[in-house]
Amino acid sequence: MYKLKEIAENICYVGVNDRQKGLFENLWPLPYGVSYNSYLILDEKTVLMDTVDVCYSDIFLKKISDALKGRPLDYLVVNHMEPDHAGSIRLLRQQYPDVQIVGNSKTFGMIQGYHNITSGLHEVKEGDTLSIGSRNLAFYMAPMVHWPEVMVTYDTKEKILFSADAFGTFGTLDGGIIDTDMNTDHYWEEMIRYYSNIVGKYGNPVQKALEKISALEIRTICSTHGPVWREHVQKAISIYDKLSRYDADEGVVIIYGTMYGNTEQMAETVASALSANGIKNIVMHNVCKSPASYILKDVFKYKGVIIGSPTYSSQLYPDIESVLSKIQVRDIKSRIYGYFGSFTWAGAAVKKLAAFGETMKWDVVGEPVEQKQGINPDTYAQCWSLGEAVAKRLKEEA
Ligand code: FEO
């Protein structure tokens with residue numbers, strides 16, 4: 001029944017779209033949904049690359065059955081064990097009991113833990129190859145991109161890299177599968193958000209994986225999320241390279257909490273000063289309204305980060321504390337940092353924001369501003385100076 005898209009000769013797309021989940025990993029908003037990509041190679045041997053979230057196993061198994069047209073399924077390659085890709089392994093094995101599961105030793109520990117599967121396993125190590133007829137598949141380990149068992153698989157004939165989460169993006173595949181067949185505009189921002197939310201902690205492992213695959217000729221990237229990259233192979237690689245080096249564009253993200261608008265007035269003043277001093281990319285996040293997912297995206301995107309918080313029960317404002325911990329987990333490096341805070345009877349926020357900057361080893365620029373109660377001519381001038389100083393430093397670094 002299914003007319004499955006061929007992404008190369010005898011390789012068809014059997015993945016699915018998820019427009020139903022509100023949150024990926026029950027954390028990250030999915031306004032454009034997400035795809036779980038899987039690919040079936042029909043050579044002398046038949047090989048499936050990864051599976052899909054178990055919620056979509058029914059349609060997934062039907063697509064595979066249609067594509068196989070009665071042939072057996074010889075191999076399942078498991079590049080990544082996170083359940084958005086590995087969730088259907090047990091059902092697939094029930095339908096195809098003779099399928100050999102290809103993975104590494106770490107994969108197999110997880111398959112046992114999640115699916116209680118301990119037999120029919122074909123272990124591969126770094127650089128191993130598997131002949132499946134007219135082509136070989138080569139396997140390269142990519143630990144911590146994004147879990148420890150992750151590997152990538154390279155089709156030596158078609159020069160296709162099956163890259164697991166690497167080069168993935170949020171966003172469903174709305175009819176088209178390959179980037180040459182679609183308008184890709186909205187995927188690039190979603191790619192940054194996906195990277196910062198999901199892979200962001202693992203910059204060094206991503207750099208190591210990029211170095212490893214730089215030895216391969218890659219004509220097509222088949223990630224587990226988002227479009228198949230053919231026209232934009234280099235663009236996808238360069239975005240992942242930039243983000244994993246924590247390199248960023250000129251611009252400032254202002255993250256602030258506010259209860260009654262007093263800290264917000266400080267944020268507004270800083271933003272006006274940044275603009276008056278030539279900064280065009282300024283993104284303001286009221287931490288109670290902006291999901292952390294989007295704040296993280298912008299902290300990865302821009303070189304300047306300015307954080308403002310009221311003092312709340314002698315602590316940082318709770319939602320500021322929450323977003324700071326998410327930034328800290330990702331160990332985002334080399335940011336120009338300014339901070340400010342307010343209090344009514346006893347200040348604590350500014351001290352805690354100073355400690356955060358030290359933990360991150362960020363470059364503190366300008367004088368921090370601490371405001372008692374409402375904004376006044378002095379604190380207005382201090383906030384203006386803070387914005388001015390950050391803008392000046394950004395321009396010096398440009
Ligand atoms: Fe898309 Fe780390 O799983």
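Things worth noting here:
- Residues that are in a loop (DSSP other than H, G, I, E, B) and open to solvent by 20 Å² or more (accessible area, probe 1.4 Å) within region 268-306 comprise Asn277, Gly278, Lys280, Asn281, Cys288, Lys289, Ser290, Pro291, listed in sequence order.
- Of all the listed residues (Gly387, Gly341, Gly357), the sole one being part of a strand (DSSP E or B), small (Gly, Ala, Ser) and more than 23 Å from the chain's Cα centre (by Cα) is Gly341.
- Verdict on Tyr302 being in contact with a Pro (Cβ under 7 Å, 6 or more places away or on another chain) and touching a residue at least 24 places away in the same chain (Cβ under 8 Å): no
- Which listed residue is farther than 17 Å from Trp229 by Cβ, within 19 Å of the chain's Cα centre (by Cα) and of a type in the set (Asp, Glu), from Glu123, Glu149: Glu149
- Test: residue in region 59-76 that is surrounded by 17 or more Cβ atoms within 10 Å (Cβ to Cβ), within 21 Å of Val145 (Cα to Cα) and in contact with a helix residue (DSSP H, G or I) (Cβ under 8 Å, 6 or more places away or on another chain): yes
- Top-ranked residue of region 147-163 - restricted to ones that are open to solvent by less than 10 Å² (accessible area, probe 1.4 Å) and away from the ligand (no atom under 15 Å from the Cβ), ranked as farthest from Glu9 (Cα to Cα): Thr153
- Filtering region 11-32 to residues that are open to solvent by less than 60 Å² (accessible area, probe 1.4 Å), without any contact (Cβ under 8 Å) to a residue 60 or more places away in the chain and over 16 Å from Tyr194 (Cα atoms) leaves Cys12, Val14, Val16.
- Comparison of Tyr246, Tyr187, Tyr194 shows that the only residue that is under 28 Å from Ile279 (Cβ atoms), within 16 Å of the ligand (Cβ to nearest atom) and more than 11 Å from the chain's Cα centre (by Cα) is Tyr187.
- Hits in region 85-116 (condition: part of a loop (DSSP other than H, G, I, E, B) and open to solvent by 30 Å² or more (accessible area, probe 1.4 Å)): Tyr96, Pro97, Asp98, Asn116
The values are calculated or read from the model by the stated rules, or taken from the named source; none is laboratory data. Computed from a prediction, not measured in an experiment: that's the story for all the values here. Heads up, the Cβs are rebuilt from the backbone with ideal geometry, glycines too, and the neighbour counts pull from every protein chain shown. Side chains included, ligands, DNA and RNA excluded: accessible areas come from the protein's heavy atoms. Shrake-Rupley method; radii C 1.70, N 1.55, O 1.52, S 1.80 Å.
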